[in-house]
1. Taking the stretch 1-41 only, how many residues are in a strand (DSSP E or B) and free of Cβ contacts under 8 Å to residues at least 60 places away in the same chain?
2. Could you grab the pairs with beta carbons closer than 6 Å, sequence gap of 6+ or different chains, first residue in the stretch 455-473 and closer than 12 Å to PHE433 by Cα, second one part of a helix (DSSP H, G or I)?
3. Working only within the stretch 654-671, note down all residues that are in a helix (DSSP H, G or I), over 16 Å from SER630 (Cβ atoms) and not aliphatic (A, V, I, L, M).
4. Among the residues that make up the stretch 188-196, is at least one of them in contact (Cβ under 8 Å) with a residue 40 or more places away in the chain, among the basic types (Lys, Arg) and closer than 16 Å to ALA346 by Cα?
5. Which one is farthest from LYS39 (Cα to Cα) among residues in the stretch 783-805 that are of a type in the set (D, E, K, R) and surrounded by 20 or more Cβ atoms within 10 Å (Cβ to Cβ)?
6. For the stretch 327-345, indicate whether the set of residues that are in contact (Cβ under 8 Å) with a residue 24 or more places away in the chain, more than 30 Å from VAL806 (Cβ to Cβ), in contact with a helix residue (DSSP H, G or I) (Cβ under 7 Å, 6 or more places away or on another chain) and assigned to a helix (DSSP H, G or I) is non-empty.
7. Could you say whether any residue in the stretch 46-65 is touching a Cys at 6+ places or on another chain (Cβ under 9 Å), under 30 Å from ARG447 (Cα atoms) and assigned to a helix (DSSP H, G or I)?
8. Say we look at the stretch 937-963 and pick out the residues that are among the polar types (S, T, N, Q) and in contact (Cβ under 8 Å) with a residue 60 or more places away in the chain; which of these is farthest from PRO750 (Cα to Cα)?
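The values are calculated or read from the model by the stated rules, or taken from the named source; none is laboratory data. Everything numeric in this text was worked out from a predicted model, so none of it was measured. Every residue, glycine among them, receives a Cβ derived from its backbone with ideal geometry; neighbour counts consider all protein chains shown.
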Amino acid sequence: MIAAAYEHNSAHVSRERFYEIACDPRRSVAVEACAGAGKTWMLVSRILRALLVDGDAACAPHEILAITFTKKAAGEMRERLDQWLEKFAGQPIEELVPELRMRGMAPEAAQAAAPRLKGLYRELLGHGRPVQFRTFHAWFAGLLRSAPVAVLERLRLPANYQLLEDDAKARVRVWRPFYAAVTADAQASEDYRALVARHGRSQVAKALDEALTRRVEFALADAHQAVDGAVTPMQGMDPAFAGAESPDDVLLHDPAWRGALLAAARALGRASASTFSRRGVELEQAVTDGDAEAVLDALLTQKGEPRKFGEKLAGIEDVRAAQQRVLQYCAARAQHEAWLYQQRMARLTRLLVSCFAEVKVSNGWVDMNDVEQAAHLLLGNAELWGWVQERLDAGVRHLLIDEFQDTNPLQWQALNGWLGSYAGAGARRPGVFIVGDPKQSIYRFRRAEPQVFIAAKEFVQQGLGGDLLNCDHTHRNAQAVIGLVNAAMDEAQQAGEFSGFRDHTTESGSAGRILKLPLIGRDAIASASPDEAADIAPAWRDSLTTPRLLPEEKLLQKECQQAARWIAARIAEGLAPSQIMVLARRRSRLAVMQDELRRLHVAVQQPEKNELHDAPEVQDMVALIDALVSPDHDLSLARALKSPLWGLPDDALVQIALRQRDTRTSWFDLLQAPGWPAPLAGIGPRLREWQQWLHDLPPHDALAAIYHDADVLSAFAAPAPAAMRASVLANLRGLLAASLELDGARFATPYGFVRALRAGGVRAPSLSVAEAVQLLTVHGAKGLEAKVVLLLDTDASAQRAQTMGVLVKWPGHAPAPERFVFIASEKNPPACATDDLAQEQSARHREEINALYVATTRAREELVVSAVAAARANGQSWWARLEPRCDAIEDVAAAVAASSVPAPPSFEMLGLPDLATEAVARPSGPALRRTDTRASALGQAMHRLLEWTQPGAPLATEHLRAAAREFALDLQATRAAAAMAQRIRVGAGAWAWDIESLDWHGNEVTLVHQGQVLRIDRLVRHRESGAWWVLDYKSAARPERDAALIAQLNRYRDAVREAYPGETVRAAFLTGQGELVTLE
């Protein structure tokens, strides 16, 4: 180990002095610490120190707020604090003093605080309100939940909303109303048609989608006049075009320009060379016809460069002058086209953002961007500052933020608006601790901006009088690994690609190893073995059984085969699978690697977020539900029959298909007929019974019954490989849980459930496999480490110039973007944006190096590099940076014998013994049915329409269509549901939708009362009387005669009384006949 690197305000300090400052809760501190330096350890240690403070500076646990970016990271911080406190509670006091000394306490103070530390765990358990560990979004969402109605109205957000963690659902629904709005607006239609004519429909859709992604930056920039003026008109770039509407007017009609072109034409026309004279004739004709393109063709090459004419040509000076004017014209035309593109895209984006807001309002949705904007308004608006002070000043004494390099500008502006008022406030201000590492900033695609960390450090030092600390000493990496990191980063810094890197030191005494697998060349397919070559040769491919593999995919497969063999060999040598981590830039690489490892019977896990519907076992079950809901879907039923539920062979399916040719009926109906041979016998009646359950019961209850009846878990687990069995069971249980999460299972239908799953967005349950190789993307590996790390696909081609994107200039200190530019192609940007684009491309390149830093620093002892040779050579690829410093692995085993891998153990699904109970007759099908299925669907549709409606707005046509689809209603039933909803709105309770009569209103309000979650159809507060009204919709008449309904409404009223003690709370039914029936 060499001398560690610690700095305080740019001066070297000892380790002890560093932690004395970092962990002191009385100081405001910004820490920049390298990977493995113990950033989370510092943060939790500071929390521990804050809990031990006595006197006026003492704080309650809930007055400490620790913020990070993921729920997992917040959970890990909470778990570490609990583990420490539990451990300290069982240690003798003399052993606690060194723990406090390690965390920067002076000897006397540590001795005095040790007894308090021993009892701190009991003290916190008895306090009731723990330390707050939150994500940024969770904290901001908490502010939004308590926001005044004025804030919600200003941001056009519903009072009662569903928080969307992923806005994909809303994005899908915005395009139809957007295109309808474009069609209805003449200016928008003209803009859209012009863009499509210039760039094509798919490219325009790509540009609009990117604009929607950056809608927050667009809205802020637009509010600060940083959009329309972001691209300078050609008149402002070149005075020669001042006053002209288009560059063609100057080129073809300005006397000076026209004269220069005709002089060049005469000079060329007099030339003896036929090619020159022909160009002169073409130029003269082009000027006469007013054809700008022909002018360019006569004087410039296809690349836009001046044509070469003989220097001895008489009048060559006139030709050169004309060429310079044409080049000047080309620059002005490019600027003019960029300006037109900016104006058209800006107008369409405003319309798109407005339509997106309407979609969210109509569905009661709030996304994470809305949450951030609300927090920005609440924390940074002077009018609301008193409200914010009341809720935050007394509640937060210590603010700690982890991984600050992942903060986006809007989040920082929200924080800065709050903390900025404390500058110079002395003892009133909370202690601030931010820690991060700009070298690990790899989330720019999520709007994270490393400049924000720089601005925050300046604020902590200058605004709060705090300290700046730097730590370049890691506790993670072996000496060989940290040596590689230093060499690669220093090389990039010397080449001008990076800045701010300081050589790292390490606490580890392990030597470590840096290895490289043989490079997979581009000719690896051509040089395949004879057997493999036969497979590669052109031949007929059965698309039903053989997947299509492109050459690039085959090369990737070879790389993964080689890497999997090496991993299997290391495991055979005794290395535990859990000690190995495989990293890749893209998840698609990991899917191939997973398949190759499973072929070698190596346990493997992808712990990152995955779609539930991507799991084959879930797809099988969804296909079954689809076949039961839509019996004509033969393909879905075929999949269900092939699944482990029945495991039918192809011959059995062929029998069904052959019989269908004669009858022309669905497979579902065919299977109801008697006389089918085994294994098809009995399937039809069982499917019919399951179909009845789905018809009579909510999706969750019906699905649970099918699980029990078919023993679904055992059926799927038995054939699954041992390494996959736990994930198969978790996914099937996750499917059952998802049936409860869809709309709270209140209005769910089987058809809606199938559509929701297939639409995506439902996450598979995370499962921790104790002994499995971990497959992760580099982004997913942040904060993790392993003894051995293997990097896949390290020789990627250089990034291409982007098209149809946006360029946002938002310095870390600025309250809003200074420029928002739509760029059709980065190869030809507007001249006024070239400097900003160069900075953006430099930031992307730096992020690429940051990703390399993150990937390499995950390895504790051994780093292995693997690659397929890039199709386009890239001297700045990870492979090019690392390969010269790695030791080669010469012999990768050609194969791993299957016998060397233990055979999977036999599987038996454990179950509880049968409960001896008195036999109870099972209700028949009709007994399970709801009293009136059609009436129930009508009532649910009526509820949904009223949930979506807004005061003063009529029932929207798109809402009627959505309700009809969701509850499978025909036109007549839809009109009946709409009529009931309208009678409720205009009947005796119409005042409940009169915004002038209300102080507060909300639909589908959720309350927790006596351990039960209650959902109130509508809750309003009458402005004149001040009374709260609990309103419950009922499609049937005379609900006051139903004791159960009255009891339910009383529970709702009691819940509101509990939430607002001492206030008047009244309750009433609103019936489909327009009546208001009160409980009194």
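1. Kept after step one, since they are in a strand (DSSP E or B), are these residues of the stretch 1-41: 6-8, 11-12, 29-33.
Imposing the further condition that a residue be free of Cβ contacts under 8 Å to residues at least 60 places away in the same chain reduces the set to 11-12.
Total meeting the criteria: 2.
2. GLY466/VAL460; ASP467/ILE21; LEU468/LYS457; LEU468/GLN461; LEU469/ALA22
3. GLN655, ARG659, GLN660, ARG661, ASP662, THR663, listed by residue number.
4. No: the stretch 188-196 contains no residue that is in contact (Cβ under 8 Å) with a residue 40 or more places away in the chain, among the basic types (Lys, Arg) and closer than 16 Å to ALA346 by Cα.
5. ASP795
6. No.
7. Yes - at least one qualifying residue is present in the stretch 46-65.
8. GLN950
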